[in-house]
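Asker: One structure coming up, written as structure tokens, with questions to follow.
The values are calculated or read from the model by the stated rules, or taken from the named source; none is laboratory data. Because the structure is predicted, anything quoted here is derived from the model rather than measured. With ideal geometry, Cβ positions are generated from the backbone for all residues, glycine too; neighbour counts draw on all protein chains shown.
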Amino acid sequence: MRELKHHEKKLLHKVSLYSWKGEENIKVAKIMRRYHIQKREDYAAYNKICGSIQSLSAKIKTLKPDDPFRIAMTDQLLDKMFNMGLITTKKSLQKAEEITTSAICRRRLPVVMVRMKMAQTIRAACTFVEQGQVRVGPNVVTDPAFLVTRNMEDFVTWVDSSKVRKTVQRYNDKLDDFELL
């Protein structure tokens, strides 16, 4: 490739070829890669949820601090976000304003599986979910975009007929001979 001329360098000095004004391509790509989000629509939905939460908390903050409606709505919003696992404490409405798309992505089923050490990587966890080897409670989940709440974390397990489950049980010497039939 030839060296750029002076006027070409001057033009390109102000332009980034990787990000455009109004779009956060690099940030979006990093988040999608980190959490192995396959559909851009899922990221857009998470981003929309974050925007809704932030605008709702901003509207709640416009009310008087001693208003009973504001107190009730603040408690409801913080309870829902805490139960969902998006925030760590229910102390203030400031936590709701600081919610990010990554916080929602951390509640995806493959990410929770990695945190529970059911899989080594998010990519492997996505594969297990897509193959139908994971269930949450009694339901088999095949969508990696499934969001897991704090209450449902305890019920994430392998499907009874899963080869991974049998391998783990064989490794731990807990495989039942009756199940082999």
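Asker: Between Val164, Val134, Val111, which is at pLDDT below 90, surrounded by 12 or more Cβ atoms within 10 Å (Cβ to Cβ) and in contact with a Phe, Trp or Tyr (Cβ under 8 Å, 6 or more places away or on another chain)?
Answerer: Going through Val164, Val134, Val111 in turn, just one is at pLDDT below 90, surrounded by 12 or more Cβ atoms within 10 Å (Cβ to Cβ) and in contact with a Phe, Trp or Tyr (Cβ under 8 Å, 6 or more places away or on another chain): Val164.
Asker: Now, a different point. Mind checking which pairs have a first residue in region 58-86 that is under 22 Å from Arg106 (Cα atoms) and a second that is among the acidic types (Asp, Glu) and surrounded by 11 or more Cβ atoms within 10 Å (Cβ to Cβ), Cβ under 8 Å, 6 or more apart or different chains?
Answerer: Short answer, once both residue conditions are applied: Gly85/Glu153.
Asker: What are the residues in region 119-135 that are in contact with a Leu (Cβ under 9 Å, 6 or more places away or on another chain) and outside any helix (DSSP H, G or I), if any?
Answerer: Within region 119-135, just Val134 meets the criteria.
Asker: Give me the pairs, please: first residue somewhere in region 94-118 and over 17 Å from Val140 (Cβ atoms), second residue anywhere and acidic (Asp, Glu), beta-carbon distance under 9 Å, and either six or more positions apart or on two chains.
Answerer: Close Cβ pairs (under 9 Å, with a partner that is acidic (Asp, Glu)) amount to Cys105/Asp42; Arg115/Glu153; Met116/Glu153.
Asker: Considering only region 74-89, I want to know if a residue exists there that is modelled with pLDDT under 95, assigned to a loop (DSSP other than H, G, I, E, B) and more than 13 Å from the chain's Cα centre (by Cα).
Answerer: Within region 74-89, one or more residues are modelled with pLDDT under 95, assigned to a loop (DSSP other than H, G, I, E, B) and more than 13 Å from the chain's Cα centre (by Cα).
Asker: Another one. Is it the case that Ser92 is within 14 Å of the chain's Cα centre (by Cα) and small (Gly, Ala, Ser)?
Answerer: Judged against the criteria, Ser92 is not a match.
Asker: Go through region 109-118 and count every residue that is assigned to a loop (DSSP other than H, G, I, E, B) and under 22 Å from Ile53 (Cα atoms). Explain how you work it out, then say what you get.
Answerer: Taking region 109-118 as the starting set, the residues that turn out to be assigned to a loop (DSSP other than H, G, I, E, B) are 116-118.
Filter again for under 22 Å from Ile53 (Cα atoms), leaving none.
Adding up the residues that qualify gives 0.
Asker: Within region 96-108, restricting attention to residues that are within 8 Å of the chain's Cα centre (by Cα) and assigned to a helix (DSSP H, G or I), which residue is surrounded by the fewest Cβ atoms within 10 Å (Cβ to Cβ)? So that I can check it myself, show each step before the final result.
Answerer: Narrowing region 96-108 to residues within 8 Å of the chain's Cα centre (by Cα): 101-108.
Subset that is assigned to a helix (DSSP H, G or I): 101-105.
Values: Thr101: 22, Ser102: 14, Ala103: 20, Ile104: 22, Cys105: 22.
Across region 96-108, the extreme among qualifying residues is Ser102.
Asker: Just to check your reading of the model, which residue among Lys48, Lys9, Lys14, Lys21 is at pLDDT 85 or above and not assigned by TED's automatic domain parsing to the domain that holds Thr157?
Answerer: None of the others qualify; the one that does is Lys48.
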